[in-house]
Structure formats: structure tokens, C-alpha cells
1. Quick test of your reading of the structure: ASN172 fulfils all but one of (1) surrounded by 18 or more Cβ atoms within 10 Å (Cβ to Cβ); (2) closer than 21 Å to LEU15 by Cβ; (3) under 18 Å from the mean Cα position of the chain (by Cα). Name the failing condition by number.
2. Do you know which residues across the range 89-116 are of a type outside the set (Phe, Trp, Tyr), over 13 Å from LEU160 (Cα atoms) and buried (at least 19 other Cβ atoms within 10 Å of the Cβ)?
3. Looking at the range 95-116, can you tell me whether even one residue there is in contact (Cβ under 8 Å) with a residue 40 or more places away in the chain, within 16 Å of the ligand (Cβ to nearest atom) and not polar (S, T, N, Q)?
4. Are there any pairs with C-beta distances below 8 angstrom linking a residue in the range 176-201 that is under 16 Å from ASN18 (Cβ atoms) to a residue that is surrounded by fewer than 19 Cβ atoms within 10 Å (Cβ to Cβ) and of a type in the set (Val, Ile, Thr), with the two at least 6 apart or on different chains, and if so which?
5. Could you name every one of the helices (runs of 4 or more DSSP H) located completely within the range 9-100 that has at least 1 residues being among the basic types (Lys, Arg)?
6. Testing GLY123 on (1) free of Cβ contacts under 8 Å to residues at least 60 places away in the same chain; (2) farther than 20 Å from VAL138 by Cα; (3) within 16 Å of the ligand (Cβ to nearest atom), one condition comes back false. Which one is that?
7. Within the range 142-162, identify whether any single residue is surrounded by fewer than 20 Cβ atoms within 10 Å (Cβ to Cβ), more than 15 Å from the ligand (Cβ to nearest atom), closer than 26 Å to ASP20 by Cα and modelled with pLDDT of 95 or more, and answer yes or no.
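The values are calculated or read from the model by the stated rules, or taken from the named source; none is laboratory data. Since we're looking at a predicted model, the values are computed, not measured. Here the Cβ is made from the backbone with ideal geometry for all residues, glycine too, and neighbour counts use every protein chain on show.
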Amino acid sequence: MAFELPKLAYAYDALEPNIDVKTMEIHHTKHHQAYITNLNNAIAGTDTEKMSIEDICKNISKFPIAVRNNGGGHYNHSLFWQIMAPNAGGEPTGDLATAINNAFGSFADFKTQFATAAATRFGSGWAWLIVKDGKLAVSSTPNQDNPLMDVAEVKGTPILGIDVWEHAYYLNYQNRRPDYVASFWNVINWNEVANRLKSAK
Ligand code: MN3
């Protein structure tokens, strides 16, 4: 079974004005599709075709770089589309809010750490909120790596992630990555992040 581009649960213009329609459309249909096409080409005819994308990531050191880059790209973007939603944002509640307060002191302190990780990731990459040893932590990874990968500097289960490749924001924000990160808070689907926390524990 080849990997396929997941459908979005909302329209390309649904995250306006925080993420513009053109960026969403190109990001999903061109960038994410390219990672999937290249991943499928890299694993065609091998046993890897039977593996889940999560298991591929967890064993990524055993694979060629094309699988690392494109498999990571597929996993990361699949998560990214789900942890965003229209009419979202605000602050998390319930167990997720408690876990954030326990790990970072407050939601404001978490936001600062996450935004700093996103702003200071040099070049292309991702910033993450992960579950590590049952607790929440912030990390970042280069390129299309992610914290599931056995090569990650900080390993854990990602429950929230932001794409800080220029293709994720350049049309609307040009070089202003911090402005893009600031707008990202308006589109976070905290229900999905809370569900991922539950599954990760
Ligand atoms: Mn991207």
C-alpha cells in the first residue's frame, strides 16, 4: 500500500488571515504531495511498504536519507494539518492545561519557550511540543526530522508542531518568521493536541 495525501478537514481558505489560502494550497498539494511521491518511490518493492509511517520514523537510522527526508515530511505534515483548525486557538483546558502548567509553570511560559524554539531553529525545520518520559517538553528538529526518530537529539512523541520552513509562511510573512509563529496560536486545534496527549501517555 502506497502512502497517500490525507484530505484536509477544512478548506484551504479556512485558516485566513493567519495562514493564507495560496500557502495552504501549495503546501498541501505540492510540498506534502512531493514528500509522499518521493517516499513511495524510495520504498517501492521493499518490505518498508508494509510499515506504518510512525514505525518508519522510529527506526529511521536504518533507512536511506531519502526515506528520512520524505518519510519525515509525510509524518510531520500529516500532524500539522490536524493540529490546526478554523475557529480555533485560545488556551487549552483540562488535562492538557494541567500538563502544560506542570511542565512550564504557565501557558504564557510555554508559549515563550515554543516560540523561541521556532524562531531560533536555524534554516529549515520544526518546533515541537512532545511527551517525553510522561512529561511535556519543547524541542526542535532540522529539515524534516521529528522527535519520533531514533536520530533525534531530543526524543519523544510529538503532540503539537509548527513547520518553520520558509514555504510555510513566505508568501504572506516574507522573512518575518516570528509574525507567522505569533499567528499560529490563533489556529491551534487544542482538542486534537489533547487527544494526542491522551494517546501518548
Ligand atoms: Mn512544510
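1. Result: ASN172 fails condition (3) only.
2. Result: ALA99, single match.
3. There is no residue in the range 95-116 that is in contact (Cβ under 8 Å) with a residue 40 or more places away in the chain, within 16 Å of the ligand (Cβ to nearest atom) and not polar (S, T, N, Q).
4. TRP190/THR93
5. In the range 9-100, the matching helices (runs of 4 or more DSSP H) lie at 21-26, 53-58, 65-82.
6. The one condition GLY123 does not meet is (2).
7. No, every residue in the range 142-162 fails to be surrounded by fewer than 20 Cβ atoms within 10 Å (Cβ to Cβ), more than 15 Å from the ligand (Cβ to nearest atom), closer than 26 Å to ASP20 by Cα and modelled with pLDDT of 95 or more.
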